[in-house]
Amino acid sequence: MTTEFKRADDWIRGVKMDFNGVVLDIPPLPLGDLEDNKDKIDQLANGFADASAVLDIAYLAFKINYPDITRKDLGKLIHLGNMGLVIESIMGASGLRRKEIEELSRDESLGKL
C-alpha cells in the first residue's frame, strides 16, 4: 500500500484525518451516490453495516479527492477504532460538527486513528 495519495486538482474540502501518519481530506458523499447506495447508507445510519458496505461507501467518497486510492488501500487505513469518525465525515457532518470531528481525529490521547 502506498502511504501517499495524490490529491485531485479539483478536490473537495472535507474533514482532515490522520490515518497513522497518512493525512487525508475526506469529502462528504455526493447526493447522487447517497441515492444510488441507499441500502448501504441505511445500514450505516442504523449501525448494522458490514465491513464491505463501509468500504464501498468510503471508496465512493475518497476517490473524489484521491482518484488513485484503491478499496484495498482503504481496507488497510480504516479500522474499528476510526470507522465511526470516517463514516460521519463522509456523510457530510455540519460545519460545527466537522470541527469537533477534526479535533477528535487529532486528539493524541485517543492514539492514532
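The values are calculated or read from the model by the stated rules, or taken from the named source; none is laboratory data. Everything numeric here is computed off the predicted structure, so don't read it as measured data. FYI the Cβ positions are ideal-geometry reconstructions off the backbone, even for glycines, and counts take in every protein chain you see.
Some notes on this structure:
- Of the residues in segment 13-21, at least one is surrounded by fewer than 12 Cβ atoms within 10 Å (Cβ to Cβ) and at pLDDT 85 or above.
- Candidates LEU29, LEU24, LEU34 - the one that is at pLDDT 90 or above and either crowded, with 16+ Cβ neighbours inside 10 Å or among the hydroxyl-bearing types (Ser, Thr, Tyr) (or both): LEU24
- Count of segment 1-39 residues which are of a type in the set (Asp, Glu) and outside any loop (DSSP other than H, G, I, E, B): 6
- Output for segment 40-56, where each listed residue is closer than 12 Å to GLU88 by Cα and assigned to a helix (DSSP H, G or I): ILE41, LEU44, ALA45, VAL54
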